[in-house]
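Q: Structure incoming, see below.
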Amino acid sequence: MIACADVHYEETEAVAACLLFRDWSDGASYEEVVQRVPEVAPYEPGRFYRRELPPLLSVIGKPAQKPRFIIVDGYVWLGDESHPGLGAYLFEALGGTAAVIGVAKNLFREGPAVRAITRGRSRRPLYVSAAGMEMSEAARHVAELHGEFRIPTLLNRVDRLCRR
């Protein structure tokens, strides 16, 4: 079981979305969860995870089947494994029960825990980081995700779900 999760912020609340699919190459989800989160922590520079983590956990826990892999929009590690990003905090909050793969659109910091990959015809890379699995495996799975464009189909779908 694989999940993609994302959060969108409005003025006073957030909308979190999670979709589940069975295989890395699937082009459609089989379950989708969208939830409004009425109270969110304020944005704190350098502590983004404090705002993002509670809404993510609220939707990841909803499906009956728990995912083995969770893909988030962002980083697991900020360059190296001594600088945790959102995905590392999520991995820890879940007690390591699911591998977490971060897929970021922009480079935050180069380092051994971040791998740039290109998809489709795009020359612009995505930046992959992971906890609970080898980096090479995470990068391969992101490359295998459905879609001919830079942003995989289901990552685009979960982004749209939380913005509707």
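Every number in this text was worked out from the coordinates using simple rules, so none of it is lab data. Here the structure is a predicted model, which is why all the values come from computation and not from measurement. A quick note on method: Cβ atoms are made from the backbone with ideal geometry, for glycine too, and the neighbour counts reach across all protein chains shown.
Q: Consider residue 86 against the criteria (1) farther than 29 Å from residue 36 by Cβ; (2) touching an Asp or Glu at 6+ places or on another chain (Cβ under 7 Å): it satisfies all of them except one. Which criterion is unmet?
A: (1)
Q: For the stretch 114-145, name all the residues that are of a type in the set (Ser, Thr, Tyr) and either without any contact (Cβ under 8 Å) to a residue 40 or more places away in the chain or not in a strand (DSSP E or B) (or both).
A: First, the residues of the stretch 114-145 that are of a type in the set (Ser, Thr, Tyr): 118, 122, 127, 129, 136.
Matches in the stretch 114-145: 118, 122, 136.
Q: Only one residue in 96, 102, 111, 79 is closer than 17 Å to residue 135 by Cα and assigned to a strand (DSSP E or B). Which one? Don't jump to the end; show me each part of the working.
A: Working: 96 fails: assigned to a strand (DSSP E or B); 111 fails: assigned to a strand (DSSP E or B); 79 fails: assigned to a strand (DSSP E or B).
On inspection, the qualifying residue turns out to be 102.
Q: Sticking with this one: What number of residues within the stretch 146-164 satisfy the criterion of being under 13 Å from the mean Cα position of the chain (by Cα) and in a loop (DSSP other than H, G, I, E, B)?
A: Result for the stretch 146-164: 2.
Q: Tell me, yes or no, whether the stretch 37-46 has at least one residue that is part of a strand (DSSP E or B), surrounded by fewer than 22 Cβ atoms within 10 Å (Cβ to Cβ) and without any contact (Cβ under 8 Å) to a residue 60 or more places away in the chain.
A: Going through the stretch 37-46, the residues part of a strand (DSSP E or B) turn out to be 37.
Next, only the ones that are surrounded by fewer than 22 Cβ atoms within 10 Å (Cβ to Cβ) stay: 37.
Keeping just the survivors that are without any contact (Cβ under 8 Å) to a residue 60 or more places away in the chain gives 37.
Yes, the conditions are met somewhere in the stretch 37-46.
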